[in-house]
Structures are given as structure tokens and as C-alpha cells.
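Structure first, commentary second.
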């Protein structure tokens, strides 16, 4: 018999050692995809998911049941990612040395789909966090607006407006300048 997420969490609290492991199996890939979309490296995403699962394991008794287990875990993950962003803002970044740029793979060797994806990810990274998070959760990870509202702790209308403002900004960022279009037409 397949137990629900809430049943597994309750079983974990009752001492079932395999229950939390089963929850991890259900949600770790989804949590990793969300973390990866928010953080700069796969290693950071791995650490964020691990931190999230540790916090969830330790704080399972504080789960109030007013949202789904998925929403609860995602909310913990978003808080972990926000903590990492705040930490990174305090830590100075080291620019890539000029000689290392030549060593990077030629961007034009990639397929058009990969170029488009990279451009989109770069544009997403340039959005303010308050716009990027709702866009990623709704548009890329398929969360309903009400769940994103719960995860971010803001009203549904705020989620909608942040998504709309973020999409408008993305459209501006991804628009090809007229001069480039004219050069290609020659």
C-alpha cells in the first residue's frame, strides 16, 4: 500500500525509520531542480537540498498541516536558497581572468536551443529575486499560484503581479536589438 506524504511524515514522527527516507525519494529530484534554478552551481544545489532535508527532518514535528508536504518542503528550500543568496552577497565575487575567457568553449558551437536556454537563464538571473522566484516556481516547476503564495508568504495577487512584471522584464531582456537584426539581414 502506498502511503500519502502526510502519512509518511506522521510515520516518521512515530519512529518509522524508513518513512522519511521514502519522502526523500519522492521529493529530492524536484527539490534539486528548484535549487538548481536558484543557485549558481550543481554543488550549491546539492548542499541546499541536503540542508533542506536536514531542516525538514529535524523540524517535522513543527509541520502544521496547513499546506501540502511538497509546499512545506519547497518553502524550506526557498528559505535555504535565500540564505545562500544573502551569504553570497556578503562574500565578494572573483572576476574571471581575461586569459581564461579564451579557454572557454565557443558559444557558437552549441545548438540554437542551448543558446536560447542559456540566454533565458542569464536573463532570469538578472531579475530581482522577488520576480525570479515566482516565475521559476510557476512557469518552470509547475506550482499553482496558491502554493507559490504559501511558499513565499505573500498574497496570490502579489505572486501574479511579480510574475507579470518579471515576464515583461524578461521580454525586454530577450528582445534582439534592431541593429543586430539589420546586420543579419545584410
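The values are calculated or read from the model by the stated rules, or taken from the named source; none is laboratory data. What you see is a predicted model; the values in this text were computed from it and never measured. Using ideal geometry, Cβ is built from the backbone for each residue, glycine included, and neighbour counts are taken over all protein chains shown.
Which residues, taken from the range 1-52, are closer than 22 Å to residue 81 by Cβ and part of a loop (DSSP other than H, G, I, E, B)? 39, 40, 41 - these are the residues of the range 1-52 that are closer than 22 Å to residue 81 by Cβ and part of a loop (DSSP other than H, G, I, E, B). Please determine, by comparing only the residues of the range 137-151 that are buried (at least 19 other Cβ atoms within 10 Å of the Cβ) and touching a residue at least 40 places away in the same chain (Cβ under 8 Å), which one is farthest from residue 30 (Cα to Cα). Once the filter is applied, the top-ranked residue is 150.
Among the residues of the range 56-80, none is identified as at pLDDT below 90 and crowded, with 16+ Cβ neighbours inside 10 Å.
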